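One structure is given here, and the rest of the page talks about it.
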Number of protein chains: 4
Amino acid sequence: MTRVAIYGASGYTGLELLKLLARHPEARVTALLTRQDEAPHLSEIHPQLTGAFDLRLENLSADEVAERADVAFTCLPHAASAEVCADLLSRDMKVVDLSADYRLGDAATYQKWYAHEHPDAGRLGETPYGLPELFRTQIIGAKLVANPGCYPTSAILALAPLLRAGLVERDGIVIDSKSGVSGAGRTPKLPFHYPECNESFSAYGVGTHRHMPEIDRVLSMASDQSVEVLFTPHLTPMDRGILSTIYATPKGDATPESVVTALKEAYAGERFVSIVDTPPATKHVAHTNRCHIYATVVRGKVLLVSVIDNLIKGASGAAVQNFNLICGFDESTALI
Amino acid sequence: MTRVAIYGASGYTGLELLKLLARHPEARVTALLTRQDEAPHLSEIHPQLTGAFDLRLENLSADEVAERADVAFTCLPHAASAEVCADLLSRDMKVVDLSADYRLGDAATYQKWYAHEHPDAGRLGETPYGLPELFRTQIIGAKLVANPGCYPTSAILALAPLLRAGLVERDGIVIDSKSGVSGAGRTPKLPFHYPECNESFSAYGVGTHRHMPEIDRVLSMASDQSVEVLFTPHLTPMDRGILSTIYATPKGDATPESVVTALKEAYAGERFVSIVDTPPATKHVAHTNRCHIYATVVRGKVLLVSVIDNLIKGASGAAVQNFNLICGFDESTALI
Amino acid sequence: MTRVAIYGASGYTGLELLKLLARHPEARVTALLTRQDEAPHLSEIHPQLTGAFDLRLENLSADEVAERADVAFTCLPHAASAEVCADLLSRDMKVVDLSADYRLGDAATYQKWYAHEHPDAGRLGETPYGLPELFRTQIIGAKLVANPGCYPTSAILALAPLLRAGLVERDGIVIDSKSGVSGAGRTPKLPFHYPECNESFSAYGVGTHRHMPEIDRVLSMASDQSVEVLFTPHLTPMDRGILSTIYATPKGDATPESVVTALKEAYAGERFVSIVDTPPATKHVAHTNRCHIYATVVRGKVLLVSVIDNLIKGASGAAVQNFNLICGFDESTALI
Amino acid sequence: MTRVAIYGASGYTGLELLKLLARHPEARVTALLTRQDEAPHLSEIHPQLTGAFDLRLENLSADEVAERADVAFTCLPHAASAEVCADLLSRDMKVVDLSADYRLGDAATYQKWYAHEHPDAGRLGETPYGLPELFRTQIIGAKLVANPGCYPTSAILALAPLLRAGLVERDGIVIDSKSGVSGAGRTPKLPFHYPECNESFSAYGVGTHRHMPEIDRVLSMASDQSVEVLFTPHLTPMDRGILSTIYATPKGDATPESVVTALKEAYAGERFVSIVDTPPATKHVAHTNRCHIYATVVRGKVLLVSVIDNLIKGASGAAVQNFNLICGFDESTALI
């Protein structure tokens, strides 16, 4: 039984992670970390977990955590997360980091987009990006995995195979993404106050969202060329789900058939990715670790529609998938 | 043209009030008050009002307000509201108070339920309760009106005529109410954070909600007997609307027909109250100043279902109705 | 491996049942029945199940089903369901019936409320009611189980222990229930068309809902006295979840403490029922087989608030729980 | 007082139209048409209009309508609408047609996209397109106005001034639009059944939506060049609202400042269009006849975000605006 510690269990990714781990036959949660001195019972924080875990949040040192657990999941704000990761890695723990701290390739880019000096810059560029469908061999055996962002997951899974296959131009890619509100986290703020965002749809972070350089980097890495995308996120009045509509310029012999074929070949044998015949809905993949992708060519554009559950394949499900890989379990354990 | 000042324009009742006043041919909004020194433009606070008013929020003294306006609406927290009301009344302004400050009958009850000494206790019991369908004659000509609570409006309109007509017992009344989230106000808090209350229905304030003594008092006053109800509010995942399901013990010759007749007679000629043939939905009255009431007798109970829009008939619409009455305008001006 | 057939897989209870069975280590779904001649793939009916089952719907005879499966779940309309159940039972299959056909005690009551002669009246009154927390010993070893209605589950779990313990009067019980829209099934109708019921809350079936006699019968049976309740259902703008607020007259030494104690004792050791300290929300039990109950005494009433997921503990989760019991598996297999 | 007839009053555009006309001081609704022989009262069809109109739906001939009314609004399915329009125009009535029948320029394009021969092809290309902000002079004095589609309104208002000003290329324009569910009409169908589309976001009509040629035609017409756009609609879990995110290739001296300036100049003096500083939300314009547009240049694209209420500025509000123009009333009468 692998012993698991979770930093930042009180948010939505923490909640979903705990729900998944409750079904995991090889994992036992042994520590829930908080930086506060109160030690509320987990069921006070998440009434949804009543009866599932008899655990309290605790303020433990890295040494104490290392004694108590083999693997840690870190669901902390950026910068704070990297500090904890470095501490745990030096104590020989394995870590799946759900923050953005190890997703970018270099300290300068991190500094530019996160307005913060990276606390563990040496591991930037060395840490595998936790999208097993693209980087599985690097993840297996790693001590630290950078769990992908939710928007990037939806976009990269759809685009990477077509960039690799030379079916879309690397320039002029537009990613128009729509997310449920849980993506904004659990801290109450006016834009996410129910009567503000309910019955409303809005664009935000136009040209400035931090997932844009992450997508740039990973698509570039996955296709061995320099890719720069225009990414626009939108807030959708629903709890969970991301749909990305992607517009790219066709290249080579891109046809509706060839783009579908390229995607099907790329994901043949992948349990969590399906290429579908009709434009999908986020509900088709809600509460699952799956990604459904639709592809066509229309009016001079390759048009892709990709859906995931932002909290599962876009966060905690991917984290469990990475956990399974670094621990040597079947990759789909506890996932559907 | 009557000049109007609004205290607390940045919340939801303020927003709805401004939307209604934008259509009012006899009212001109001349001051929006804030206690902060910044003076944001109204359209920054409420983008919904872009183009409707060219006004900034201002931090003005009572003297300045009295020079600038004839009537004030106060949408402030309790206690704070009464202080402002007293100041304005002493300057000969008329006031419609949307807070709870003048709804109860005596200082002791106020102290008990609001945990605060009443700042203007002399006016308690003297101030008309702004439900024109029941207390119109008292409202006309008043300088101050206590605008009713949202839950009380839905319950009192349904129950008062039956209590008066001797068709229900004064004991054992159960009011099970369901409200949209705007009733909780505009301040972000965890229970009203979108992913917490969306797709969820909950009970709250069981046995402790401050609208309970308000209902007790007004039903007692309206029916000349001591009434004490059991009121349970619930939070519903929608922006606006209240539905109250009410269970009372039949008395006298209460039948499905006689209770309907009593209600129809009570509200004959009332423009904003209809007795309907089938159980209503909150959407039937959304964005209107109307109340729809369904009544029957089933399995030994008089069963009533009453719906209003909590922000209109339950707050700002009633406030405009009261404003019309105290200013001598047609009662339904600017209302539908 | 137990082979499972499902009648009526295309609705919401069918979908949830399949999701649960996908995680069941002892069950293999071998037949999905339809009365139509087309044989769509399951993933066309439920894109949510893409990749989970490679099955088509089929129009098979009872003999064919009996060859292919050991146990059947019937998610059919009433009357149609009993016909199928009788056919399968005569072929020695075990059946969990999710329809209402075997929930009532006698043919006359069935005829009165369902306006249909019962096709298999001999089994009425003989079939165990599938609420294991109350009737486990009768369910174990049964060939046929009447899976409970969703509203009744929420109400009966809260009330039965207090009626048994003599803490509430059997007269005057009011059950005010609120359900998500999935309870209305998957057939498109105007009241469940999105723009009709979204952002709206309504009462329906006042005094006429078929779950009322079911609650009467089961509470009477569970407490050895004649109980008749007043049950009012409401439609809530959310996918799933039921919250029942229950008002009963205290009896004997009913206090806030004694009612809580009676409930805790009744459900000590029950994995799926918790007595909670604060009024619960439906989201606390969404996607689980759990029921959370809050109890107090206020203003002369015992007040209970009970929440379940109507599709899980109120339908398919209970069905799997019953399946586990009649097949001899651990009762909580595949359930959380 | 202008007498008004409405064809197709039972849908959502009919409902909103009636709500607006209830506030119109110069209009009196005198006939509501249906093709069925039953004559339900309007409040049975729309409980929201209880007390507002005492009218029944009627099955009247064109002659009878022409006697009873001066102007008609037609909210009928395409093809059916043109037949009625021709009948009424020949009887010297004025008509605002809310269907798509007169929006395209020629019979062949209509036949191609609507799979139907046009019943009144002679008026194609002659009928003014009812977007007063662009075609006001043509609308004033017209007998027939083609009321614009909802998606086209949101896209055309944002793009037309920039195409005219030579700030965006006419090729490669991508319009990614998101609409609330009321846009799909009031006929119950599975995709709009509450539990199907609630908590879900989906793309549909990819490359095939009939609003695409409408946008092509009107943008070409408004900018005197041939424009062909790629338009992708999406279904959003909310009642009302459209947000279009538009990506176009900059041309000439397009900068963030110059595109904003061009838009501000184009709509200077327009009451219902505002250029805003931050990306807008659909809720900012809900229940109003307004359009808010945000514009910038980012990563090599002119990026526009445009929001309207699909039922008001996208349908019934625009219809009243056109009605006001053809009848000679103040253009904003009854509109906010």
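So the values come out like this:
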quantity	calculated
Residue in the stretch C:79-101 that is among the β-branched types (V, I, T) and open to solvent by 10 Å² or more (accessible area, probe 1.4 Å) present	yes
Residue ID - farthest from C:Q138 (Cα to Cα), chosen from residues in the stretch C:281-305 that are of a type in the set (S, T, Y) and touching a Pro at 6+ places or on another chain (Cβ under 8 Å)	C:T296
For C:L162: the one exception among (1) farther than 29 Å from C:G14 by Cβ; (2) out of contact with any Asp or Glu (no Cβ under 9 Å at 6 or more places or on another chain); (3) assigned to a loop (DSSP other than H, G, I, E, B)	(3)
Scan of the stretch D:151-182 for residues that are in contact with a helix residue (DSSP H, G or I) (Cβ under 6 Å, 6 or more places away or on another chain) and within 14 Å of chain C (Cβ to nearest Cβ), ordered by number	D:V181, D:S182
Filtered residue count, the stretch D:238-282, keeping only those that are facing another protein chain (nearest Cβ under 8 Å) and in contact with a helix residue (DSSP H, G or I) (Cβ under 6 Å, 6 or more places away or on another chain)	4
Flag for A:V71 being in contact with a strand residue (DSSP E or B) (Cβ under 6 Å, 6 or more places away or on another chain), of a type in the set (V, I, T), more than 14 Å from every other protein chain (Cβ to nearest Cβ) and under 20 Å from A:A318 (Cα atoms)	yes
Subset of the stretch D:210-236 (residues that are of a type in the set (A, V, I, L, M), more than 10 Å from chain A (Cβ to nearest Cβ), outside any loop (DSSP other than H, G, I, E, B) and within 20 Å of A:G300 (Cα to Cα))	D:I215, D:L219
Complete set of residues in the stretch A:1-13 that are closer than 18 Å to A:L335 by Cα and buried (at least 24 other Cβ atoms within 10 Å of the Cβ)	A:V4, A:T13
Selection from the stretch D:245-286 of residues that are open to solvent by 50 Å² or more (accessible area, probe 1.4 Å) and either free of Cβ contacts under 8 Å to residues at least 40 places away in the same chain or part of a strand (DSSP E or B) (or both)	D:E257, D:T261, D:K264, D:A268, D:G269, D:D277, D:T278
Residue in the stretch D:319-336 that is open to solvent by 20 Å² or more (accessible area, probe 1.4 Å), under 24 Å from A:F201 (Cβ atoms), away from chain A (no Cβ under 13 Å) and not aromatic (F, W, Y) present	yes
Near pairs, Cβ below 7 angstrom, 6+ apart or cross-chain, from the stretch A:196-209 (more than 7 Å from chain D (Cβ to nearest Cβ)) to any residue that is of a type in the set (D, E, K, R) and assigned to a loop (DSSP other than H, G, I, E, B)	A:N198/B:D239
B:D239, sole failed condition from (1) open to solvent by 30 Å² or more (accessible area, probe 1.4 Å); (2) not in a strand (DSSP E or B)	(1)
Filter result (in contact with a Ser or Thr (Cβ under 8 Å, 6 or more places away or on another chain) and touching a residue at least 40 places away in the same chain (Cβ under 8 Å)) within the stretch A:20-34	A:L20, A:H24, A:P25, A:E26, A:A27
B:A146 open to solvent by less than 10 Å² (accessible area, probe 1.4 Å), out of contact with any helix residue (DSSP H, G or I) (no Cβ under 7 Å at 6 or more places or on another chain) and either in the same structural domain as B:I293 (by TED's automatic domain parsing) or among the aliphatic types (A, V, I, L, M) (or both)	yes
Options A:D106, A:D97; residue that is in contact with a Leu (Cβ under 6 Å, 6 or more places away or on another chain) and either within 30 Å of A:S226 (Cβ to Cβ) or modelled with pLDDT of 95 or more (or both)	A:D106
Test: residue in the stretch A:218-233 that is surrounded by 16 or more Cβ atoms within 10 Å (Cβ to Cβ) and within 30 Å of C:R240 (Cα to Cα)	yes
Lone unmet requirement of (1) crowded, with 24+ Cβ neighbours inside 10 Å; (2) at the interface with chain A (Cβ under 8 Å from one of its Cβ atoms); (3) of a type outside the set (D, E, K, R) for D:Y294	(1)
The one condition in (1) in a strand (DSSP E or B); (2) over 18 Å from A:S202 (Cα atoms); (3) among the hydroxyl-bearing types (S, T, Y) that D:S306 fails to fulfil	(2)
Inter-residue pairs, beta-carbon under 8 Å, first assigned by TED's automatic domain parsing to the domain that holds C:D101 and in the stretch C:113-131, second surrounded by fewer than 15 Cβ atoms within 10 Å (Cβ to Cβ) and among the hydrophobic types (A, V, I, L, M, F, W, C), 6+ apart	none
Qualifying residue in the stretch D:183-191 (condition: more than 15 Å from D:L304 (Cβ to Cβ), outside any loop (DSSP other than H, G, I, E, B), at the interface with another protein chain (Cβ under 10 Å from one of its Cβ atoms) and free of Cβ contacts under 8 Å to residues at least 24 places away in the same chain)	yes
Failed item, numbered, when D:V302 is tested on (1) at pLDDT 95 or above; (2) more than 16 Å from D:I156 (Cα to Cα); (3) of a type outside the set (D, E, K, R)	(2)
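So that you can scan it fast, the table gives a plain yes or no per residue for (1) aliphatic (A, V, I, L, M); (2) open to solvent by less than 30 Å² (accessible area, probe 1.4 Å); (3) more than 15 Å from the chain's Cα centre (by Cα); (4) over 26 Å from C:L235 (Cα atoms):
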position	(1), (2), (3), (4)
C:I45	yes, no, yes, no
C:L49	yes, yes, yes, yes
C:F73	no, yes, no, yes
C:A107	yes, no, yes, yes
C:A121	yes, no, yes, yes
C:L124	yes, yes, yes, yes
C:T137	no, no, yes, yes
C:G141	no, no, yes, yes
C:T153	no, yes, no, no
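The values are calculated or read from the model by the stated rules, or taken from the named source; none is laboratory data. Remember, it's a predicted structure, so these values are computed and weren't measured experimentally. Backbone-built Cβ (ideal geometry, glycine too); neighbour counts: all protein chains shown. Ligands, DNA and RNA are stripped out before the accessible areas are found, and what is left, the full protein with its side chains, is counted by its heavy atoms. Shrake-Rupley method; radii C 1.70, N 1.55, O 1.52, S 1.80 Å.
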